[in-house]
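What follows draws every value from the coordinates through simple rules; no lab data is involved. Just so you know, these numbers come straight off a predicted model, no measurement behind them. Don't worry about glycine lacking a Cβ; one is built from the backbone with ideal geometry, like all the others, and counts go over all protein chains shown.
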Amino acid sequence: MLGASTPRLAVNLSCAGGLGFIAGGTDPANLNKMLDESKRLLPDHQSKKFEARSDTLPIGVGFQLFNSNLNALSGALSMHKPAVVWLFAPKLEEDLRVWATKIRDVTDGLTRICVQVGSVAEAERSVALAEPDFLVMQGADAGGHGQRQSASIISLVPEVKDRLSAMGKAHIPVLAAGGISDARGVVAALALGADGAVMGTRFLVAEEAGIADGWKRELVKTSDGGVTTMRSTLCDRLKENHDWPTSYDGRAIRNKGHEDEEAGMLDVENVKLYKEELECGDSAWGPHGRMVIYAGTGIGLLRAVQPVESIMEETIRESRHIMDRYYVNAIASHL
Ligand SMILES: Cc1cc2nc3c(=O)[nH]c(=O)nc-3n(C[C@H](O)[C@H](O)[C@H](O)COP(=O)(O)O)c2cc1C
């Protein structure tokens, strides 16, 4: 979530009971700057809710492996030792092993490794290659990039849990990602056997998120995400990002660019119109505009732009409330 996930967002999230991530990007100087900034923001919080392990920086850093240079970026990881590094989208799966080994090495084994994958087979291979400290299972509802062919977390998470057990790897925690926008999704993920939940789209409407106001406005306005968002490679073609491995596409709000493509418009014209609209400011956002608005199917559950702390407080409180209700019902049924 390069640009969207600011150091302030990540730090505030970690301090509110979750684990916030920044996007590592491809520029080592910028990564260093963001990690420095995160460190600078922490002392204000550390005495509050976050029980930091003092030997690591209590945020995570995510990398898209296919376009990132491990050797160039590893210096920043060695210096700052983030709590977790999140690996996604390798060009070759073998790269997961190379990244995991190097990061463990340069951080003296302090930084935990997680891998985000989108299928049971990919989970199995990434465990064999990188022995991650935890796995993120990304379902088809997720906003942003993901595997073109994937199931929703409803079947993906329990099947992966079963596969890990069969492999003797049941100790590896599994987090569910994709379409989780509130406490009901979090508790559902736990019921599926997940050890935790990942929310991406929900934090795009955090006050701290570094995206355009027009993007936030459309996120709050849009509902019925199964219809109003769609998976496609169009957004990459518009942004002339041609390096994504071919098995990936991205979920975004369906807009004029998608409509024109379906009506037969060629990329060359679509890209031209997209570039023209980049100059149009706020009016270019939304279903009638051409700006790329990555978002998951959980978009209809976003009600307002809020500080991260209040998103987390609300999600944790309501999750506890739902779980208490089921617990009380379960006890009552045995009386
Ligand atoms: C705007 C946006 C950017 C994203 N960028 C990345 C990324 O750079 N790397 C990555 O591993 N996942 C990325 N994701 C996907 C998330 O890791 C996660 O799987 C997803 O947000 C979960 O689904 P949700 O958006 O429905 O909560 C992105 C998601 C969004 C919405």
Q: Have a look at 150, 116, 295 and report the one farthest towards the positive end of the charge dipole of the chain, computed about the Cα centre with Cβ charges (Lys/Arg +1, Asp/Glu -1).
A: 116
Q: Select from 123, 166, 83 the residue whose mean-square fluctuation is largest in a Gaussian network model of the chain (Cα-Cα springs shorter than 10 Å).
A: 166
**Q.** Net dipole in debye of the chain [+1 Lys, Arg Cβ; -1 Asp, Glu Cβ; about Cα centre; nearest 20]
**A.** 660
Q) Once phi is turned into ³J(HN,Hα) by the Karplus curve 6.51 cos²θ - 1.76 cosθ + 1.60 with θ = phi - 60°, what whole-Hz value does each residue of region 116-131 show in order, with x for glycine and proline? A) 9, 9, x, 8, 5, 5, 5, 4, 4, 5, 6, 5, 5, 7, 10, 6
Q. How high is the relative contact order of the chain, in percent, counting Cα pairs under 8 Å that sit 6 or more residues apart?
A. 16
Q | Part-to-part distance (alpha-carbon centres) for region 113-173 and region 268-316, which is given in Å | A | 27
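Going by how many other beta carbons lie within 10 Å of each one, how would you line up 204, 278, fewest first? Before the final figure, lay out each step's value.
Details: 204 27, 278 12.
Sorted ascending by nearby Cβ count, the order is 278, 204.
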Q: Compare the Cα positions of 238, 16, 228 along the charge dipole of the chain (+1 at Cβ of Lys, Arg; -1 at Cβ of Asp, Glu; about the Cα centre) and return the one farthest towards the positive end.
A: 16
Q: Rank by packing, highest mean first: peptides 227-236, 170-179, 25-34, with packing defined as the count of other Cβ atoms within 10 Å averaged across residues.
A: 170-179, 227-236, 25-34
(Q) Output wanted: per-residue J couplings in Hz (rounded whole) for region 239-254, from phi through Karplus 6.51 cos²θ - 1.76 cosθ + 1.60, θ = phi - 60°, x for Gly and Pro. (A) 7, 6, 9, 9, 8, 4, x, 5, 7, 9, 9, x, 9, 9, 5, 5
Q) Between residue 62 and residues 5 or more places away or on another chain, which pairs have amide H atoms under 5 Å apart, with H built 1.01 Å from N, and which residues are they? A) 22, 23, 24, 86
Q: Tell me which residues come under 5 Å, amide H to amide H, from residue 233 once H is placed; ignore anything under 5 positions away on its chain.
A: 250
(Q) Can you return the aspartates and glutamates within cross-link range of residue 216? Criterion is Cα-Cα under 12 Å, with same-chain partners fewer than 8 residues away left out. (A) 207, 208, 282
Q: Give me the distance between the Cα centres of region 92-110 and region 18-36, rounded to whole Å.
A: 17
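Return the subset of 39/221; 81/102; 221/256 for which the Cα-Cα distance in this structure is over 23 Å, preserving the input order.
From 39/221; 81/102; 221/256, over 23 Å: 39/221.
How much length would be gained if the chain were fully extended between residue 239 and residue 91, taking 0.36 nm per residue of separation minus their Cα-Cα distance, in nm to one decimal? Present the calculation step by step, with values, prior to reporting the outcome.
Details: separation 148, 0.36 × 148 = 53.28 nm, distance 1.95 nm.
Here the answer is 51.3 nm.
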Q.
Using a Gaussian network model on the chain with a 10 Å cutoff between Cα atoms, which of 137, 265, 312 fluctuates the most?
A. 265
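With r defined as the distance between the Cβ atoms of residue 191 and residue 125 and R0 fixed at 25 Å, what FRET efficiency is calculated, to the nearest 0.05? Please list the in-between numbers first.
On the way: r = 27 Å, r/R0 = 1.07.
In this case the efficiency is close to 0.40.
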Q | Derived scalar couplings ³J(HN,Hα) [region 322-333; Karplus, 6.51 cos²θ - 1.76 cosθ + 1.60; whole Hz; x for Gly, Pro] | A | 5, 5, 4, 4, 5, 5, 4, 4, 5, 5, 4, 5
**Q.** Three-way shape label, the chain, alpha-carbon gyration tensor, a/c 1.5
**A.** rounded
Q: Take the Cα of residue 105, step 7 Å along the line toward its Cβ, and report every residue of region 129-158 whose backbone nitrogen sits under 12 Å from that point.
A: none
Q | 113, 180 arranged by Cβ crowding within 10 Å, fewest neighbours leading | A | 113, 180
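For the chain, what is the calculated [θ] at 222 nm in deg cm²/dmol (nearest 500), taking -39500 (n - 2.57) for each run of four or more DSSP H residues and dividing by its residue count? Write out the running numbers ahead of the final one.
Details: 15 runs with 152 residues, N = 335.
After summing the helix terms and dividing by the residues of the chain, the value is -13500 deg cm²/dmol.
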